[in-house]
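So the structure is just underneath, and the comments pick up after that.
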Amino acid sequence: MPATIVHDRDLHLAYQAIACDPRYAHFINVPDRIIRCLDHFGIAGDRVEVRQRLRAYYLFIGVVDDAIDSGKLETGKDILERFNVRVPCYDEPTRASRVSLVTEVLKQDISDEVYPLAQAKLHELYRAIVTERKAETIATYVEQRKVVGRLTADLSYVLIGSLLEGDGRDFRLFLKRVGAVGCLVDSVIDLRADTRLGLVSFKPTISDYLALMVATLREGLSVSVKHPALLGVFLEAVSDNVRDRFRVGPEPAPRLIASSGKAGVPSVV
């Protein structure tokens, strides 16, 4: 946890409340799985710092994904604007918004050396999400979901790459392939609901659902066959993703926490 968060009680409580929200449980578990994969590849590095950066990143992904799936595609533009300012800002409006708060914490966890690249990757990811929403066939949709998954995973590598020892090229490629499969699995679970909410630009048929499942199985088996020792990690991730759909309840209403003293700016939990 960044020092700024730890030393500000209200900020810390607000951030922990987001991290403990059941709707983001799957995302919170991703860092430990990536670390298990690092162990499998025999890549050394500062595991504590790796976990912290990945935790900030994947909680950010979860909160933003939730906002965009609620029909707030413009959230992406707001985030990109915040990234134009390098110094994190924890003012009152930031504390009052989950998206803004996790964005500022992520900014603080990105090292100066990779910040420009991370910012460029975020722009690329946002464009990919917008393109995905415009897909008019299942084939285009599947390919674009894979692009989004690869970009999401690749950005996670950008954030931790400087903490790793040795040649990480194979691991980076592996992450991107797993990211593509992960996005397809999400779609298998969510496509029906996304269609109902108007988040896709076509009306999937039964054959479309079958095509999506076949593509997901094909990509998933391809990765699993190449890395059979990690099959348990993959299945655990899928299971966790499915369970998320059952443990997500209505979003709690924000409540203000005020404290006395210098740091006593109201925050939202």
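The values are calculated or read from the model by the stated rules, or taken from the named source; none is laboratory data. Since we're looking at a predicted model, the values are computed, not measured. In this analysis, Cβ positions are derived from the backbone assuming ideal geometry, glycine residues included, and neighbour counts consider all displayed protein chains. Remember, those area values only see protein heavy atoms, side chains included, never the ligands or the DNA or RNA. Shrake-Rupley method; radii C 1.70, N 1.55, O 1.52, S 1.80 Å.
Can you list, largest first and rounded to whole Å, the semi-axes you get for the chain by taking the square root of 5 times each eigenvalue of its Cα gyration tensor?
Semi-axes, largest first: 30, 23, 17 Å.
Charges on Cβ only, +1 for Lys and Arg, -1 for Asp and Glu, centred on the Cα centroid of the range 82-178; of LEU151, VAL102, VAL114, which one is farthest towards the dipole's positive end?
The Cα lying farthest towards the positive end belongs to LEU151.
Does anyone have the angle between helix 98-109 and the longest principal axis of the chain? Alpha-carbon axes, 0 to 90°, nearest 10?
90
Could you give the angle, 0 to 90 degrees to the nearest 10, between helix 25-41's Cα long axis and the longest principal axis of the Cα atoms of the chain?
Around 70 degrees separate the two axes.
Rounded, prolate or oblate: which fits the range 104-188 when a ≥ b ≥ c are the square roots of the eigenvalues of the alpha-carbon gyration tensor, with rounded for a/c under 1.5 and prolate only if a/b beats b/c?
oblate
Against the longest principal axis of the chain, how steep is helix 138-160, in degrees 0 to 90 to the nearest 10, with axes from Cα atoms?
With rounding to tens, the tilt is 40 degrees.
Could you check the spin-label model distance between VAL242 and HIS12? Points 7 Å from the Cα along Cα→Cβ, value in nm.
3.9
Provide the per-residue ³J(HN,Hα) series for the range 64-71, in order, calculated from phi with Karplus coefficients 6.51, -1.76, 1.60 and θ = phi - 60°, each as a whole number of Hz, with x at glycine and proline positions.
5, 4, 5, 5, 5, 5, 8, x
Given a 1.4 angstrom probe, I'd like the percentage of the accessible area of the chain that is carbon and sulfur, rounded to a whole number.
Looking at the chain in its full context, I get 58 percent from C and S.
Which ³J(HN,Hα) values in Hz, rounded to whole numbers, follow from the phi angles of the range 164-178 under the Karplus curve 6.51 cos²θ - 1.76 cosθ + 1.60, where θ = phi - 60° and Gly and Pro get x?
The phi angles translate into 9, 9, x, 8, x, 4, 5, 5, 5, 5, 4, 4, 5, 5, 5 Hz.
Which order, highest average first, do 49-55, 75-81, 104-110 follow once you tally other Cβ atoms within 10 Å for each residue and take the mean per peptide?
104-110, 49-55, 75-81
Tell me the net charge near THR94. Cut-off is 9 Å between Cβ atoms, THR94 excluded, with +1 for each Lys or Arg and -1 for each Asp or Glu.
-1
Relative contact order for the range 142-222: what percent, with Cα pairs under 8 Å and sequence separation of 6 or more?
Computed over the range 142-222, the figure is 36 percent.
Can you give the direction-averaged projected area of the convex hull of the alpha-carbon atoms in the range 1-124, in nm²?
Orientation-averaged projected area of the Cα hull: 8.0 nm².
Output ³J(HN,Hα) for the range 226-237: one whole-Hz value per residue in order, computed from phi by the Karplus curve 6.51 cos²θ - 1.76 cosθ + 1.60 with θ = phi - 60°, and x for Gly and Pro.
6, 10, x, 5, 9, 4, x, 5, 5, 5, 4, 5
Could you state the accessible area per residue of the chain in Å², with a 1.4 Å probe and every protein chain left in place?
For the chain, the per-residue accessible area is 49 Å².
Please list log₁₀ I(q)/I(0) at q = 0.10 Å⁻¹ for the range 66-216, using the Debye equation with identical point scatterers on the alpha-carbon positions.
The computed values of log10 I(q)/I(0) come out as -0.41.
Place a +1 charge on the Cβ of each Lys and Arg in the chain and a -1 charge on the Cβ of each Asp and Glu, then give the dipole magnitude about the Cα centre in debye, rounded to the nearest 20.
360
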